[in-house]
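My questions will all concern the structure given below.
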Amino acid sequence: MKYKSQKQYRLPGFNYSSKGEYFVTICTHNRKDIFGKIKNGEIILNETGKIVKEIWNEIPSKFQYISLDVYQVMPNHFHGIVIIKEQKSHQHLINQMPTVFKSGIINNPMELKSNSLGRIIRWFKGRVTSEARKINPGFKWQSRFHDRIIRDEKEFYFIQEYIINNPVNWGIGILDKFF
């Protein structure tokens with residue numbers, strides 16, 4: 001049996017648990033409008049959209065050395081900035097660190113043991129899916145997510161502005177201009 005080669009989405013050889021800022025975009029399956037509507041340049045979240053917002057904000061309490069910057073729930077996708085801080089290597093801090101996190105996916109015993117970007121997003125998508133399916137049993141994300149390693153302050157600023165203004169620019173296709 002032949003396997004199709006899949007497009008590489010991550011930067012080869014990059015340590016996605018290293019200190020840095022990451023711009024993340026996650027889309028719904030087939031880009032269906034599931035989280036709400038844009039009205040007069042503002043997102044009006046429905047119950048599923050509110051779940052996305054609530055669970056996103058839980059990330060820093062579930063993963064040490066992680067903070068969040070701006071984010072935006074859109075009708076069919078989500079944008080956010082994840083900041084992975086330098087992890088202390090002092091033994092007394094290591095002993096206090098939780099080493100096991102559940103994956104967030106129902107009936108999945110997999111444990112997450114690092115603060116890599118992929119594991120954080122897997123936890124987030126799993127938790128959202130679990131809660132969203134209580135309202136909408138057919139809810140699904142696209143299988144992957146897009147990330148961009150933010151390289152400097154100027155890029156950080158422009159990405160923040162893009163995320164904040166995303167509802168105003170809904171339908172314009174401005175993302176293609178910058179990324």
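Which residues, taken from region 69-83, are within 22 Å of Gly171 (Cα to Cα) and in contact (Cβ under 8 Å) with a residue 40 or more places away in the chain?
Result: Val70, Tyr71, Gln72, Met74, Pro75, Asn76, His77, Phe78, His79, Gly80, Ile81.
Hey, among the residues in region 123-145 that are in contact with a strand residue (DSSP E or B) (Cβ under 7 Å, 6 or more places away or on another chain) and within 24 Å of Gly20 (Cβ to Cβ), which one's surrounded by the most Cβ atoms within 10 Å (Cβ to Cβ)?
Lys125
Name the residues in region 130-162 that are more than 30 Å from Pro12 (Cα to Cα) and touching a residue at least 60 places away in the same chain (Cβ under 8 Å), would you?
Glu131, Ala132, Ile135, Asn136, Phe139
Right, here's the next one. Can you tell me which residue in region 14-68 is nearest to Asn136 (Cα to Cα), limited to those that are without any contact (Cβ under 8 Å) to a residue 60 or more places away in the chain and aliphatic (A, V, I, L, M)?
Among those that are without any contact (Cβ under 8 Å) to a residue 60 or more places away in the chain and aliphatic (A, V, I, L, M), it is Leu45.
One line per residue, one yes/no per condition, for (1) over 15 Å from Trp170 (Cα atoms); (2) at pLDDT 95 or above; (3) surrounded by fewer than 19 Cβ atoms within 10 Å (Cβ to Cβ):
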site	(1), (2), (3)
Tyr3	yes, no, yes
Arg10	yes, no, yes
Gly13	yes, no, yes
Lys19	yes, no, yes
His29	yes, yes, yes
Gly49	yes, yes, no
Val52	yes, yes, no
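For region 63-171, give me every one of the helices (runs of 4 or more DSSP H) that falls completely inside it and has 1 or more residues that are at pLDDT 90 or above and under 16 Å from Ile51 (Cβ atoms).
Where helices (runs of 4 or more DSSP H) fall fully within region 63-171 and carry at least 1 residues being at pLDDT 90 or above and under 16 Å from Ile51 (Cβ atoms), they are 117-132.
The values are calculated or read from the model by the stated rules, or taken from the named source; none is laboratory data. Predicted model, so just to flag it, every value in this text is computed and none were measured. Neighbour counts run over all protein chains shown; Cβ positions are idealised from the backbone, glycine included.
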